[in-house]
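To start, the structure itself, in structure tokens.
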Amino acid sequence: MKVYIPSPLRSYTNKANLVEGEGASISEILGNLDKAFPGIKFRMIDEHGRIREHIKLFINEDEAKNLTVSVSGGETVHIICALSGG
């Protein structure tokens with residue numbers, strides 16, 4: 001499946017904005033991404049196994065609120081990073 005990578009995380013993917021993902025759940029996809037691009041998962045998932053507040057994960061147009069959400073092969077995962085500052 002396709003996984004769209006936001007610009008703040010592209011330093012992990014050699015600047016690629018689109019990578020191939022594999023897995024039956026968001027957790028598996030992020031785990032496999034971390035094997036291919038070490039360190040990327042920790043930027044999205046905290047030490048308690050929760051999606052970080054500034055990250056939103058979407059399967060097609062639906063937000064995945066937790067890591068157990070199922071994903072099928074034809075779907076697209078979008079990783080969105082919130083902007084902050086002041």
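A few notes on this one:
Listed here are the residues, each with its yes/no results for (1) under 20 Å from residue 59 (Cβ atoms); (2) of a type in the set (Val, Ile, Thr).
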{"position": "10", "(1), (2)": "no, no"}
{"position": "18", "(1), (2)": "yes, no"}
{"position": "23", "(1), (2)": "yes, no"}
{"position": "41", "(1), (2)": "yes, no"}
{"position": "45", "(1), (2)": "yes, yes"}
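- Residue 83 meets the conditions (1) exposed (fewer than 10 other Cβ atoms within 10 Å of the Cβ); (2) touching a Leu at 6+ places or on another chain (Cβ under 8 Å); (3) closer than 13 Å to residue 8 by Cα in every case but one. The failed one is (2).
- Scanning segment 1-52 for residues that are more than 22 Å from residue 73 (Cα to Cα), surrounded by 15 or more Cβ atoms within 10 Å (Cβ to Cβ) and not aliphatic (A, V, I, L, M) gives 10, 12, 43.
Every number here is computed from the coordinates shown, using simple stated rules; none is lab data. It should be emphasised that the depicted structure is a prediction, and the values quoted were computed from it without experimental measurement. Heads up, the Cβs are rebuilt from the backbone with ideal geometry, glycines too, and the neighbour counts pull from every protein chain shown.
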